[in-house]
1. Can you give the relative contact order of segment 4-144 as a percent, counting alpha carbon pairs under 8 Å and 6+ residues apart?
2. What does the extension gain come out to for Ala56 and Asn2, with contour length at 0.36 nm per residue minus their alpha carbon separation?
3. Pull out a ≥ b ≥ c, the square roots of the eigenvalues of the alpha-carbon gyration tensor of segment 1-119, then state rounded if a/c is under 1.5, prolate if not and a/b is larger than b/c, and oblate in the remaining case.
4. Show that you can apply the helix-only estimate: for the chain, add -39,500 (n - 2.57) for every DSSP H stretch of four or more residues, divide by all residues, and state [θ] at 222 nm to the nearest 500.
5. When Lys and Arg each count +1 and Asp and Glu each count -1, what net charge do the other residues less than 13 Å away from Arg98, Cβ to Cβ, add up to?
6. Scan around Gly35 for amide H atoms under 5 Å from its own, H built in the peptide plane at 1.01 Å from N, and keep only partners 5 or more places away or cross-chain.
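Just so you know, all these numbers are worked out from the coordinates, no wet-lab data involved. Here the structure is a predicted model, which means the values were calculated and not measured. Every residue, glycine among them, receives a Cβ derived from its backbone with ideal geometry; neighbour counts consider all protein chains shown.
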Amino acid sequence: MNKEKILIAADHAGVSLKDILKKAFADRYDWIDLGADGSQSVDYPDYAEKLANAIADGSAKRGVLICGSGIGISMAANRFDHVRCALCTDVTMARLARLHNHANVLALGERLIGDLAAQDILKAFLDTEPDQNERHVRRVSKLSR
């Protein structure tokens with residue numbers, strides 16, 4: 001059975017959580033790691049762009065972005081029309097981001113969320129399929145005009 005490929009990227013403030021999530025879900029997903037790889041300061045918009053470009057070229061359909069708060073990297077990702085990035089801090093947000101908003105990228109803030117909570121949020125995000133109800137599809141279509 002082929003595992004789904006999931007993109008993952010982080011700036012220097014998200015590298016530790018990135019590695020924890022990859023390890024925790026290694027049995028379920030093939031991770032495409034777009035960096036960063038260490039604690040040297042880097043710019044989060046660069047990693048959001050790498051992930052957005054990888055979605056555009058078909059490398060994977062979904063991804064995870066991590067920075068210190070999750071705010072900057074989610075804002076950077078949402079500059080791209082084909083990305084619907086949701087910054088989530090709990091399981092309900094992650095489930096609804098997928099279900100109602102058809103989010104294809106999850107943003108997390110390493111400095112604001114614990115490792116176990118992040119794993120629960122990621123599981124909810126990856127396990128939830130978008131609701132194809134007409135009202136959700138109509139609303140999502142208006143996000144990328």
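1. 24
2. 17.3 nm
3. Here segment 1-119 falls in the rounded category.
4. Dividing the helical sum by the residues of the chain leaves -12000 deg cm²/dmol.
5. Local net charge: +2.
6. Ala10
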